[in-house]
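The values are calculated or read from the model by the stated rules, or taken from the named source; none is laboratory data. These numbers were taken from a predicted model, which means no experiment stands behind them. Counting neighbours? That spans all protein chains shown, and the Cβs are built from the backbone with ideal geometry, glycine included. Accessible surface is based on the protein model in full, side chains and every heavy atom, while ligands, DNA and RNA are left aside. Shrake-Rupley method; radii C 1.70, N 1.55, O 1.52, S 1.80 Å.
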Amino acid sequence: ARVLLFLLPIAFLGVFFFYPLVAVVGQSFAPGGRLDLAPIASLWQEAYFGRALWFTTWQAALSTALTLLIGMPAAFVFARYRFPAKNLLRALTTIPFVLPAMVVAAAFTALLGPRGTLNTLLNWFDLAGPPIRLQQTIWLILLAHAFYNTTVVVRMVGGFWANLDPRLSEAARMLGGSRARVFWEVTLPL
């Protein structure tokens with residue numbers, strides 16, 4: 001009975017995940033049972049796929065940089081300081097994981113859209129049009145990625161930094177290191 005308990009989920013994954021995955025890969029690289037990489041090579045010759053790959057690469061790099069720019073200081077604050085409502089704020093960082101993507105998209109539109117809250121507030125300055133126009137721009141994609149991925153940085157890096165031996169930073173401070181230098185040369189590399 002115990003072995004069956006372990007075999008049941010493995011069998012489920014095998015039938016409904018691994019078998020279809022292997023079948024799709026097999027049909028992609030070996031149609032008719034014979035290895036043929038010509039269709040893959042032809043993808044590299046089409047300009048559309050090159051542009052898509054380039055867009056994906058630079059957009060991912062910018063998303064990562066923005067996520068780290070927001071997430072690393074937040075992770076440091078959560079790891080090193082005690083303050084009121086810290087547990088509540090840490091719990092709120094899990095919101096991206098529990099909200100459906102459509103709800104997040106609606107919230108972004110309600111906040112940053114042409115008739116969103118932020119543009120409505122800025123219209124008090126009697127502007128000709130909405131000053132924040134993010135719809136269908138790369139900036140909206142970057143903000144959405146940062147929204148989702150900052151939580152990962154705060155949880156992972158913050159959890160690691162919270163468990164670092166504080167004596168290392170204290171020793172660096174005692175040897176004359178400023179807070180910034182200790183952060184850049186001791187905490188961040190760790």
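For residues that are exposed (fewer than 14 other Cβ atoms within 10 Å of the Cβ) and not in a helix (DSSP H, G or I), tally how many sit in the range 101-113.
Selection size over the range 101-113: 0.
Look at the range 15-47 and say how many of its residues are surrounded by 11 or more Cβ atoms within 10 Å (Cβ to Cβ) and at pLDDT 90 or above.
3
For the range 114-190, which fully contained helices (runs of 4 or more DSSP H) count at least 3 residues that are over 20 Å from the mean Cα position of the chain (by Cα) and more than 30 Å from Y81 (Cβ to Cβ)? Lay out the reasoning, then the answer.
Numbers: elements: 117-122, 138-162, 166-174, 179-182.
In the range 114-190, the matching helices (runs of 4 or more DSSP H) lie at 117-122.
Could you pull out every one of the helices (runs of 4 or more DSSP H) wholly within the range 1-94 that has 1 or more residues that are touching a helix residue (DSSP H, G or I) at 6+ places or on another chain (Cβ under 8 Å)?
19-29, 38-45, 47-80, 86-92
V98 passes all but one of (1) of a type in the set (V, I, T); (2) under 16 Å from G158 (Cβ atoms); (3) open to solvent by 80 Å² or more (accessible area, probe 1.4 Å); which number fails?
Here V98 meets the rest and fails (2).
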